Amino acid sequence: EKVLTLLKTSRGTSWSSIASIKEMHRAESVANRSKAVHLRRIAEKAGCAPQDLLFFDNMPHNIEDGESIRVTSCYTPGGLTWSSMATALVEFDRRALARAAGE
């Protein structure tokens, strides 16, 4: 939460004031359960299905958890980059189009 208050947009607005859904846990509380639990909770708070989420993580087992509930999940071992963001958005769009076509 503190980091979100420190990060600012180009107009000086804190990310914390923009983020309407904040689902954060201490590492030790998340370590003992699947990331799928966490992602389902975020989807529920957002009022959407898990497949409407886009998830980035640097741990392969968390990516597997996200994929297990149909969340488009992007492995980012070196951190989030513009390239990984673009790749994930293309994959998210591909999956959304496939769902719309009934695949």
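The values are calculated or read from the model by the stated rules, or taken from the named source; none is laboratory data. Being a predicted model, the structure only gives us computed values, none of them experimental. With ideal geometry, Cβ positions are generated from the backbone for all residues, glycine too; neighbour counts draw on all protein chains shown. For the accessible areas, the whole protein counts, side chains as well, though only heavy atoms, and no ligand, DNA or RNA atoms are used. Shrake-Rupley method; radii C 1.70, N 1.55, O 1.52, S 1.80 Å.
So the values come out like this:
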{"item": "Positions within the stretch 67-76 being at pLDDT 95 or above and not charged (D, E, K, R), in sequence order", "result": "Ser68, Ile69, Val71, Thr72, Ser73, Cys74, Tyr75"}
{"item": "Any pair with Cβ under 8 angstrom, 6 or more apart, that starts in the stretch 55-67 at a residue that is under 15 Å from Ile42 (Cα atoms) and of a type in the set (A, V, I, L, M, F, W, C) and ends at one that is part of a strand (DSSP E or B) and modelled with pLDDT of 95 or more", "result": "Phe55/Thr72; Phe55/Ser73; Phe55/Cys74; Phe56/Ser73; Phe56/Cys74"}
{"item": "Single residue of the stretch 47-58 satisfying the filter (open to solvent by 50 Å² or more (accessible area, probe 1.4 Å) and not in a loop (DSSP other than H, G, I, E, B)) that is farthest from Ala86 (Cα to Cα)", "result": "Asp52"}
{"item": "Selection within the stretch 43-75 - hydrophobic (A, V, I, L, M, F, W, C) and more than 19 Å from Ala96 (Cα to Cα)", "result": "Met59"}
{"item": "Residues of the stretch 59-83 classified as crowded, with 16+ Cβ neighbours inside 10 Å, part of a helix (DSSP H, G or I) and out of contact with any strand residue (DSSP E or B) (no Cβ under 7 Å at 6 or more places or on another chain), total", "result": "2"}
